[in-house]
Amino acid sequence: VDLLVDYGYAIRPGGGDREQQFSCDLHGDGRDVKPSARVYPETNSWYCWACSKSRDLIDTVRDKEDLGFMESIDLLEKKFGLSPLPWEDGETYERKTTPKEEILSTLNPQKTFQDDKTRLETFLGTLTAERSSPLKSLLTWWEAFDKIAFWVFKEKISEMDGRLLMTSLRTEIQKRVKEAAECSTK
Ligand SMILES: [Zn+2]
């Protein structure tokens, strides 16, 4: 609701869980004279019958701004003063260079968000037990893991986006760990 209000949609803020109908500008000529969209605060999503599409926060930013998945998350973090998803400590990481489609292509369709979550949890558990990574990095990674799990649990993001985030986080950590290992053997 906050995001839609922010974008200037005719939504009344502070309506609690009340569903509200509004005009969507993301289809046709953007005028939507008979409001086709409805917001569902309980699931943090809205559906437009004319678009035949349900959108969460990230989808909304993507479609409004024509941005990629990671860039949309960046924008949401800035807009709402959220702490950034922690895999970057000052670095911009490859948010800009790994398109969603590329990460998507690495996802096993037989698996679920729960599988990806368990896989990363196990990996992080091993890293933590090994004590070979800096404590600060470990904490940052666990925090990111928890945040993604929480977002999916609270249905702030879809399970598919959760899988993407879990997978890109795991890939990034693996890269860091590998780099650190190479540094120490040199
Ligand atoms: Zn629409």
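Every number in this text was worked out from the coordinates using simple rules, so none of it is lab data. Not measured: the values here are computed from a predicted model. So basically every Cβ, Gly included, is an ideal-geometry build from the backbone, and we count neighbours across all protein chains shown.
The table below gives the values:
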item: Radius of gyration, Dmax [the stretch 93-182; alpha carbons; angstrom]; result: 13.1, 39
item: Fully extended contour minus Cα-Cα distance, from Glu65 to Val5, at 0.36 nm per residue; result: 20.1 nm
item: Proportion of all alpha-carbon pairs of the chain beyond 28 Å (%); result: 33
item: Net lengthening on full extension, Arg38/Asp146 (0.36 nm per residue, minus Cα-Cα); result: 35.9 nm
item: Proxy reagent accessibility, fewest Cβ within 10 Å first, across Cys51, Cys183, Cys24; result: Cys183, Cys51, Cys24
item: Under the Karplus curve 6.51 cos²θ - 1.76 cosθ + 1.60, θ = phi - 60°, whole-Hz ³J(HN,Hα) for the stretch 59-64, x wherever Gly or Pro sits; result: 4, 4, 5, 4, 6, 6
item: The stretch 6-64: radius of gyration over Cα atoms, expressed as a fraction of 2.2 N^0.38 Å; result: 1.03
item: Sites Leu76 and Thr118 - FRET efficiency at Förster radius 41 Å, r taken between beta-carbons, to 0.05; result: 0.95
item: Given Lys154/Lys178; Lys53/Lys78; Lys53/Lys136; Lys64/Lys154; Lys53/Lys154; Lys53/Lys117, the pairs whose alpha carbons are separated by over 29 Å; result: Lys154/Lys178; Lys53/Lys136
